[in-house]
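The structure appears right after this line, and notes come after that.
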Amino acid sequence: MIKATETKLKGCFVLEPTIHEDERGFFFESYNHKDFCEAIGQEVNFVQDNFSFSTKGVLRGLHYQKGEYAQGKLVSVLKGRIQDVVVDLRKDSPTFAQHLSIELSEKNKKQLFVPKGFAHGFLVLSETAHLFYKCDNYYNKEAEEGIKYDDKHLMIDWQMASDHILLSERDKRWQTTLPI
């Protein structure tokens, strides 16, 4: 059983599992297709699982797939703590160009469902982080795009000084303006 709360960005949900805990540890169902689809009110079929390991200060994003290769994602943190950020890029959305920032961690066990049409990125706040996410479409290198993490229109508070943030060469080259 999961609790799904829609965020200020339509179609983007925070999911919280029912956790069964005792002196031995804990158990929870991390994904159940039927319960997930009922909770968010739509059918989503995940086709690819991804795992990411990063160290403190690593910022990955803001990435998205365009066109027919757009991806919805269900993001979880297995170990550590991250600041997860999504940006609504759906031009017909009332929340176009708005962003959401949420902490996901092994402790809070929250998941974030990011629908198609959003850019996604995360910053590692703990010494290391293990991130696991499901995608509802296959990755296509030619469809990959990004927005620079410090886009002046988004004004995202990344909770870390920029001189402590570690970016890939690719993420340094993204444009600093939203796609129009």
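Numerical summary
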{"quantity": "Projected label distance in nm at Asp150 and Glu103, using a 7 Å step from Cα toward the beta-carbon", "calculated": "2.4"}
{"quantity": "Sites Asp22 and Lys79 - FRET efficiency at Förster radius 25 Å, r taken between beta-carbons, to 0.05", "calculated": "0.70"}
{"quantity": "Projected label distance in nm at Thr95 and Ser52, using a 7 Å step from Cα toward the beta-carbon", "calculated": "2.0"}
{"quantity": "Centre separation in Å (Cα based) which lies between the range 37-68 and the range 144-171", "calculated": "18"}
{"quantity": "Descending Cα extents along the principal axes, the range 10-97, whole Å", "calculated": "49, 36, 25"}
{"quantity": "Mean separation of Cα contacts under 8 Å (6+ apart) over length of the range 47-173, as relative contact order %", "calculated": "42"}
{"quantity": "Rounded to 5, percent antiparallel among DSSP beta bridges of the chain", "calculated": "95"}
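Read-outs: derived from the displayed coordinates by stated rules, not from any lab. None of the values given here were measured: they were computed from a predicted structure. Don't worry about glycine lacking a Cβ; one is built from the backbone with ideal geometry, like all the others, and counts go over all protein chains shown.
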